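Here is the structure we will look at, set down as structure tokens.
The values are calculated or read from the model by the stated rules, or taken from the named source; none is laboratory data. Bear in mind the structure is a predicted one, so any value in this text is a computation, not a measurement. Every residue, glycine as well, gets a Cβ built from its backbone with ideal geometry; the counts of neighbours run over all protein chains shown.
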Amino acid sequence: MKHILILLFLSATCFAQAEHGSPVASSNPSPASDTMVLIHGATTHMGVSPAEIPHFQKVFDIKSPELFRDELARHRVTLSDFYIDRYLVTNAEFKQFVDANPQWQPDRLSADLDNGNYLAHWKTAGALADKANHPVVNVNWYAAVAYCQWEGKRLPTEAEWEYAARGGISGLFSWGNEPADKTRANYLAAEVHDSSAVNEYPANGSGLFDMGGNVWQFLADEWQTYPKTAQKNPVGGGNLFATGTDFLNVKTRRVIRGGSFDGAPVNLWIEYRDSHPPNGSRPFVGFRCAK
């Protein structure tokens, strides 16, 4: 994956400063100011132009321009109003989901839906209690979609996530243009090397936590090259807002955003994008919901 290549590259250059189942029932909550944030729609831009790549190479001290190719091309996007979770979904919240939906409990998923790591960290004694307020990880894209459905929500689109991550400002990171450091995000230089509580680091200007660092976040979109033309409420293909169990038929890679606890500063860059297979459960990938 792209972010693994980034980490290998940065390590070499000392950049450390750098089961198929029945549909789940919906609990259908109303958006609340303490759990979700309303983001008003707008027209914005995503991506970068080829002429900007040398600038970002200097900013992030990266020699290879190829590491920025997935951020091409710069294009205009128009979004409608949406809500997005203030925090990443936690272990405690996901435990409520699997208790209410036994088909999503550990050891119940068929091999085609998971790579074998699903909720692996829950098997360690005390881990669930000790990390109740940490983001749930070792969950695949299917489980993330199912959880959000149960909540009466959905995964955010890539465009929604990026716009929300900006927090109303135009900067490199969710907090602005100041360099990444261990007070702002859980990433490689923070030397935590594990997830942190979902409210441990400061929120961005919109009141959203962990829009850079802690764990990568699954999004609704299929991984695709950016379009070159303007988009309105863009969809990423592949059962983006699938209902029922249609999403279980998805086989294409999905977008992940935000970087993780062992990511480099470039991974925290708001424009930075990567992808992950839908059946991939990893200790550095979680999610939040939108509606």
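Looking only at residues in the stretch 162-186 that are touching an Asp or Glu at 6+ places or on another chain (Cβ under 9 Å) and hydrophobic (A, V, I, L, M, F, W, C), the one that is surrounded by the most Cβ atoms within 10 Å (Cβ to Cβ) is ALA185.
In this structure, does HIS55 turn out to be closer than 21 Å to ARG166 by Cα, part of a strand (DSSP E or B) and at pLDDT 95 or above? Criteria not met by HIS55. Taking the criterion of being surrounded by 14 or more Cβ atoms within 10 Å (Cβ to Cβ), of a type outside the set (Asp, Glu) and farther than 26 Å from LEU88 by Cα, the residues of the stretch 31-63 that qualify are VAL48, ILE53, PHE56, GLN57, VAL59, PHE60, ILE62.
Within the stretch 78-95, the set of residues being more than 19 Å from the chain's Cα centre (by Cα) and either aromatic (Phe, Trp, Tyr) or crowded, with 16+ Cβ neighbours inside 10 Å (or both) comprises LYS95 only.
With respect to the stated conditions, ARG166 fails to be closer than 28 Å to PRO227 by Cβ, basic (Lys, Arg) and in contact with a helix residue (DSSP H, G or I) (Cβ under 8 Å, 6 or more places away or on another chain). You will find that of ALA120, ALA129, ALA73, ALA92, the residue that is out of contact with any Leu (no Cβ under 9 Å at 6 or more places or on another chain) and within 30 Å of GLY167 (Cβ to Cβ) is ALA73 and no other.
Considering every residue within the stretch 206-217, establish whether at least one is under 15 Å from HIS134 (Cβ atoms) and surrounded by fewer than 24 Cβ atoms within 10 Å (Cβ to Cβ). Yes, the stretch 206-217 has at least one match.
State whether the residues of the stretch 88-102 include one that is part of a loop (DSSP other than H, G, I, E, B), over 23 Å from VAL215 (Cβ atoms) and touching a strand residue (DSSP E or B) at 6+ places or on another chain (Cβ under 7 Å). No: the stretch 88-102 contains no residue that is part of a loop (DSSP other than H, G, I, E, B), over 23 Å from VAL215 (Cβ atoms) and touching a strand residue (DSSP E or B) at 6+ places or on another chain (Cβ under 7 Å). Checked against (1) buried (at least 17 other Cβ atoms within 10 Å of the Cβ); (2) within 23 Å of GLU158 (Cβ to Cβ); (3) of a type in the set (A, V, I, L, M), VAL98 passes all but condition (2).
Just so you know, in the stretch 244-291 the residues that are among the acidic types (Asp, Glu) and within 13 Å of GLU158 (Cβ to Cβ) include one that is surrounded by the most Cβ atoms within 10 Å (Cβ to Cβ), and it is ASP274. Considering the stretch 116-143, and only residues there that are exposed (fewer than 15 other Cβ atoms within 10 Å of the Cβ), of a type outside the set (D, E, K, R) and at pLDDT 95 or above, the residue that is nearest to GLY213 (Cα to Cα) turns out to be ALA132. Looking at this structure, is LEU67 out of contact with any helix residue (DSSP H, G or I) (no Cβ under 6 Å at 6 or more places or on another chain), at pLDDT below 95 and part of a helix (DSSP H, G or I)? The answer is no for LEU67.
Picking from residues in the stretch 104-114 that are surrounded by 14 or more Cβ atoms within 10 Å (Cβ to Cβ) and farther than 12 Å from TYR142 by Cα, the one that is nearest to the chain's Cα centre (by Cα) is GLN105. Would you check if there is a residue in the stretch 232-243 being part of a loop (DSSP other than H, G, I, E, B), of a type in the set (Val, Ile, Thr) and at pLDDT 95 or above? Looking through the stretch 232-243, none of the residues is part of a loop (DSSP other than H, G, I, E, B), of a type in the set (Val, Ile, Thr) and at pLDDT 95 or above.
Answer yes or no as to whether SER195 is of a type in the set (S, T, N, Q), at pLDDT below 95 and not in a helix (DSSP H, G or I). Answer is no for this residue.
Residues checked against (1) modelled with pLDDT of 95 or more; (2) more than 26 Å from LEU113 (Cα to Cα):
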| residue | (1), (2) |
| --- | --- |
| ALA12 | no, yes |
| GLU19 | no, no |
| SER22 | no, no |
| ASN91 | yes, no |
| LYS95 | yes, no |
